[in-house]
Amino acid sequence: MPNNRSQTDTSQIETKVVHGGVNIDSTFNSVTTPIYTSSTFAFEELGKHKGFDYTRSGNPTRKALENNLAALEDGVAASATATGMAAITAALFLLKAGDHLITSTDIYGGTYRLFSAIITKFGIEVTFLEDLNNLETLKKTIKSNTKMVWIETPSNPLLNIIDIESVASFTKSVNPEIIVAADNTFLSPYFQKPLNLGCDLVIHSTTKYLNGHSDVVGGVVISKTAELGAQVAYAVNGLGLSCSPFDAWLVLRGVKTLPQRMKAHEQNALKLAEFLESHPLVKKVFYTGLPSHPQFDLIKKQMLGFGGMLSFSLDLEKANINQFVSNLQYFSLAESLGGVESLIEQPWSMSHASMTEEARLKAGLNPSIVRVSVGIENADDLISDLNQSLKLCCC
Ligand SMILES: Cc1ncc(COP(=O)(O)O)c(C=O)c1O
């Protein structure tokens, strides 16, 4: 039973995650998507094959995932990659030497490293803006060679929000050729749809919420037009960035429960944020679901939910941060995010350590900030755990 739902599908996301891309296999009418591990596919005769010739270029299991994820983001094409950074790399290869990219200072450390220290070696110029929402500054920064604006919202780890619609429409009004790309890893398409807000590309580290079980490293680039999708697929194939069939299958399996997981992450995150906001050892909580977030109105307008990520600043004069993160029972001290299990980390020394100290300070980071990926465990258990560890770390 061939699947052709992705382009014309008007179903809701709970249905799309389950049905998108599946039923591609007509051999035995398998209900779930089979894993085609074959590296190569036989031609029927010269110039004629069944749609796939070599797994780096295309694979039925990966195709199923790509159809599913394109449908979730309301895009027309997707390329699934081996990592989130591979997805970002593929998007960057739409640029050439001499082009200019604009982004913000408060982005994932690995993206910052790629933008500041790697692609610059290939002649791409990058400007990091402290406030991408400021359209006056953006206007002054856009030049004739500006070819891409890169949005990461909510930002990692301080949960600052970029007004996607405003930045995308302003950029397009200056030059419609500029590609507007958004990293939607922190929210997933369940809580935010950048293509519907004016972006051309959406990027995910599927390692996080889309897979959701901390057992795959992967990525995806989803395009608004078939033309951009073909350019991204060309880069992915040419650079050899595509993901393995097994990893594609795991993400396809994980994504089926995305709505249920996202709701659970969000419910828990809100409870933890409220608890932390009232704790005397906590100086500030960064969470999109708290009315104290300075951009709460924009959040409610742009996002379909608040998500499961929060950060907070510990009062280091009264609390020992190392003791705090080490004495927790349910929160592993680990990088990454978006899995069913709760994780905690210090961005200063972990996820954002690849940024220079100056860049980290400029992005608003300091060693007191702790980032939490709130899992789907029982919220009361998580709060008791935080509470006992905060008591123990008091100095
Ligand atoms: C927002 C964001 N984008 C991209 C990435 C990179 O993804 P990966 O680690 O799968 O390469 C990460 C990783 O943490 C991330 O948090």
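The values are calculated or read from the model by the stated rules, or taken from the named source; none is laboratory data. This structure is a prediction, so every number in the text was calculated from the model and none was measured. Cβ atoms come from the backbone with ideal geometry, glycine included; neighbour counts cover every protein chain shown.
In the set (1) closer than 30 Å to GLY21 by Cβ; (2) within 13 Å of the ligand (Cβ to nearest atom); (3) assigned to a helix (DSSP H, G or I), ALA168 fails one condition alone, (2).
Check whether at least one residue in the stretch 9-21 is touching a residue at least 24 places away in the same chain (Cβ under 8 Å) and among the acidic types (Asp, Glu), and report yes or no. Walk me through it before giving the result.
Of the stretch 9-21, the ones touching a residue at least 24 places away in the same chain (Cβ under 8 Å) are 9, 13-14, 16-18, 20-21.
Subsequent filtering for residues that are among the acidic types (Asp, Glu) retains 9, 14.
Yes; the residues of the stretch 9-21 include at least one that is touching a residue at least 24 places away in the same chain (Cβ under 8 Å) and among the acidic types (Asp, Glu).
Limited to the stretch 356-380, what total is found for residues that are within 23 Å of ASN320 (Cβ to Cβ) and either outside any loop (DSSP other than H, G, I, E, B) or not assigned by TED's automatic domain parsing to the domain that holds VAL325 (or both)? Counting residues in the stretch 356-380 that are within 23 Å of ASN320 (Cβ to Cβ) and either outside any loop (DSSP other than H, G, I, E, B) or not assigned by TED's automatic domain parsing to the domain that holds VAL325 (or both) gives 8. When restricted to residues that are part of a loop (DSSP other than H, G, I, E, B) and of a type outside the set (D, E, K, R), the stretch 145-163 contains 11.
For (1) buried (at least 16 other Cβ atoms within 10 Å of the Cβ); (2) part of a loop (DSSP other than H, G, I, E, B); (3) of a type in the set (S, T, N, Q), each residue gets a yes or a no:
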{"position": "PRO280", "(1), (2), (3)": "no, yes, no"}
{"position": "VAL285", "(1), (2), (3)": "yes, no, no"}
{"position": "THR288", "(1), (2), (3)": "yes, yes, yes"}
{"position": "HIS293", "(1), (2), (3)": "yes, yes, no"}
{"position": "LEU304", "(1), (2), (3)": "no, yes, no"}
{"position": "PHE312", "(1), (2), (3)": "yes, no, no"}
{"position": "LEU316", "(1), (2), (3)": "no, yes, no"}
{"position": "GLN323", "(1), (2), (3)": "no, no, yes"}
{"position": "LEU328", "(1), (2), (3)": "yes, yes, no"}
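Given the structure, is VAL220 within 12 Å of the ligand (Cβ to nearest atom) and either free of Cβ contacts under 8 Å to residues at least 40 places away in the same chain or buried (at least 23 other Cβ atoms within 10 Å of the Cβ) (or both)?
Working: within 12 Å of the ligand (Cβ to nearest atom): yes; either free of Cβ contacts under 8 Å to residues at least 40 places away in the same chain or buried (at least 23 other Cβ atoms within 10 Å of the Cβ) (or both): yes.
For VAL220, the condition - within 12 Å of the ligand (Cβ to nearest atom) and either free of Cβ contacts under 8 Å to residues at least 40 places away in the same chain or buried (at least 23 other Cβ atoms within 10 Å of the Cβ) (or both) - is met.
Inside the stretch 224-253, can you point out the residues that are farther than 30 Å from ILE178 by Cα and in contact with a Leu (Cβ under 7 Å, 6 or more places away or on another chain)?
First, pick out the residues of the stretch 224-253 that are farther than 30 Å from ILE178 by Cα: 244-253.
If the condition is that a residue be farther than 30 Å from ILE178 by Cα and in contact with a Leu (Cβ under 7 Å, 6 or more places away or on another chain), then ALA248, VAL251, LEU252 are the ones that fit.
Please determine whether any residue of the stretch 94-101 is within 16 Å of the ligand (Cβ to nearest atom) and part of a helix (DSSP H, G or I). Working first, answer last.
Initially, the stretch 94-101 is screened for residues within 16 Å of the ligand (Cβ to nearest atom), giving 101.
Now drop any that are not part of a helix (DSSP H, G or I), which leaves none.
No, there is no match, as no residue in the stretch 94-101 is within 16 Å of the ligand (Cβ to nearest atom) and part of a helix (DSSP H, G or I).
Among the residues of the stretch 20-34, those identified as buried (at least 18 other Cβ atoms within 10 Å of the Cβ) and not polar (S, T, N, Q) are GLY20, GLY21, VAL22, ILE24, ASP25. Checking each residue in the stretch 182-229 for being within 9 Å of the chain's Cα centre (by Cα), of a type in the set (Gly, Ala, Ser) and either modelled with pLDDT under 95 or closer than 15 Å to GLY308 by Cα (or both) picks out only SER188.
Within the stretch 65-85, is even one residue within 16 Å of the ligand (Cβ to nearest atom) and under 30 Å from LYS140 (Cα atoms)? I'd like the intermediate steps shown before the answer.
Of the stretch 65-85, the ones within 16 Å of the ligand (Cβ to nearest atom) are 65, 69, 73, 78-85.
Now drop any that are not under 30 Å from LYS140 (Cα atoms), which leaves 85.
For the stretch 65-85, residues within 16 Å of the ligand (Cβ to nearest atom) and under 30 Å from LYS140 (Cα atoms): present.
Among residues of the stretch 93-119 that are free of Cβ contacts under 8 Å to residues at least 24 places away in the same chain, none has a Cβ under 6 angstrom from a residue that is outside any helix (DSSP H, G or I) at a sequence gap of 6+ or on a separate chain.
Being crowded, with 22+ Cβ neighbours inside 10 Å, touching a residue at least 12 places away in the same chain (Cβ under 8 Å) and not assigned by TED's automatic domain parsing to the domain that holds GLY75 narrows it down to one residue among ALA182, ALA273; which is it? Give the derivation first.
On the way: ALA182 fails: not assigned by TED's automatic domain parsing to the domain that holds GLY75.
Among ALA182, ALA273, only ALA273 is crowded, with 22+ Cβ neighbours inside 10 Å, touching a residue at least 12 places away in the same chain (Cβ under 8 Å) and not assigned by TED's automatic domain parsing to the domain that holds GLY75.
Does any residue of the stretch 138-150 turn out to be outside the structural domain of VAL372 (by TED's automatic domain parsing) and within 12 Å of the ligand (Cβ to nearest atom)? Yes, the stretch 138-150 has at least one match.
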